[in-house]
Amino acid sequence: MDDHTQPDPAPSAERQDLRRRELPRRGALVGMAAVGGISVVNVGAFLWAGGWLTPESLSPSRFVDRFERVYGRHDGFRRNHAKGLSASGTFTSNGAGVALSSASVFRPGATPVTARFSLSGGMPVVSDANANATVRGLAVLFHLANREQWRTAMVNIPVFLDRVPQGFYDRLLATKPVAATGRPDPAKLAAFLAEYPETARAMAVVNQTPPSSGFFNSPFHGLNAFRFTNAAGTTVPVRWSLCAEDPFVAGTQGAGRDYLFDALIERVAREPVRWRLVVTVAEPGDPTNDATQAWPANRRQVEVGTLSIDSVSTEAPGNARDNNFDPLVLPTGIDASDDPLLAARSSVYAKSYQRRTREPHTPSAVNVAAVDDEQ
């Protein structure tokens, strides 16, 4: 790590706890990489053994290389969702989640969180209106009282565009804009969609879901399925979403390169921004290994608490900039499902973390102080 990079804030005892939890299900190496961005070579070896990577097709390095090929290399920044803003706040549980999961975060009470708002793509200074940065992200790290952590990265679209890691990898190149037109090559895109018809169906769903006017009134969805196990040992497949308390207003392009982030900074300066955390419980037959498919709207939903973001800050050493929001860092009571994207995300995040923390950092494009000075 360079001098500008602080190690992941998880204390050493917590790292040990995380490693112990990860051993039975995917090996200590994945957990170590999730926490510290280390041992990535071994993580890749594990995943190859697990079946979703093969030396002839994908590896975490090749995945990250493709992000750099499409978006360019920007030292010190994430290879995807590079433009971002750090945040902090509290999750207040109402106790309803205890019926589904034994995770301590669902017991009545408050849990501090570190969060990060972001835009898709690997360009850290891209305009918020850029067609290649249309997906908004909200990642949350819950600091549980028992020194466990729950890390989740959510997006504002209702379904994910890819079912398998190879599809995601291929889509990056198939949708890369051509210099002459600023749009993807129609022939390449058509060939890709013919090979991955589930992505075509998912794109149609996303296109029917307009974005809101800002981060603060946008829903965010954890699109991969997980498994909740309660104190009685009952396990159910679930997905979760954050539902904004601010009323939805359809989005329009604002003024300025960073208009979405600037509006969020101004909104949080007035008062905390809140989202209700809603858990959706699957029924038999609902797919848990395909994030391109939404579950039926009549599935049981349980509101388990409220996320409140009360401060935002420019990305800097020691805040969310240096967290790896690995979706497989989970507390007792929450486990991964059979969704193949989860292992891929975990290992690719670790590779991106490893690269960026060894590089020099440049200032973030989103400057909270500059926005505050204008108010």
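Okay, here's what the table says:
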item	result
Computed lengthening from D246 to V178, 0.36 nm per intervening residue step minus Cα-Cα distance	20.7 nm
Nitroxide proxy distance, nm - points 7 Å out along Cα→Cβ at E195 and R299	2.9 nm
Spin-label model distance (nm) - R276 vs S61, 7 Å beyond Cα toward Cβ	4.9 nm
Only Lys, Arg (+1) and Asp, Glu (-1) charged, at Cβ; the range 229-273 dipole about Cα centre in debye	200 debye
Under the Debye formula (equal points on every Cα, no solvent term), log10 I(q)/I(0) of the range 165-317 at q = 0.10, 0.16 Å⁻¹	-0.54, -1.16
Per-selection Rg to Rh, the range 322-374 - Cα, Kirkwood hydrodynamic radius	1.17
Cβ-based net charge around F117, under 15 Å, with every Lys or Arg adding one and every Asp or Glu removing one	0
The range 152-218: mean projected area of Cα convex hull, nm²	5.8 nm²
Length gained when the stretch R73-N289 is fully extended (0.36 nm per residue, less Cα-Cα span)	74.6 nm
Coordinate range along principal axes, alpha carbons of the range 133-188, Å, largest first	54, 21, 19
Length released on extending from D372 to T134, taking residue separation times 0.36 nm less the Cα-Cα span	83.2 nm
Note, ³J(HN,Hα) from phi for the range 248-254, Karplus 6.51, -1.76, 1.60, rounded to Hz, x at Gly and Pro	5, 10, 4, x, 9, 5, x
Relative contact order %, the range 309-375, counting alpha carbon pairs below 8 Å whose residues are six or more apart	47 percent
Zone of N94's modelled label, taken as backbone nitrogen in the range 269-303 under 16 Å from a point 7 Å along Cα→Cβ	274-281, 300-303
Hydrodynamic radius by Kirkwood, which averages 1/r over all alpha carbon pairs of the range 86-179, in angstrom	15.9 Å
Surface share of carbon and sulfur [accessible, 1.4 angstrom probe, percent] for the range 216-277	51 percent
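The values are calculated or read from the model by the stated rules, or taken from the named source; none is laboratory data. Predicted, not measured: the structure shown is a model, and the values here were computed from it. Cβ: placed from backbone, ideal geometry, glycine included. Neighbour counts: every protein chain shown. The protein model used for the area step is the full one, side chains on, heavy atoms only, and it has no ligands, DNA or RNA in it. Shrake-Rupley method; radii C 1.70, N 1.55, O 1.52, S 1.80 Å.
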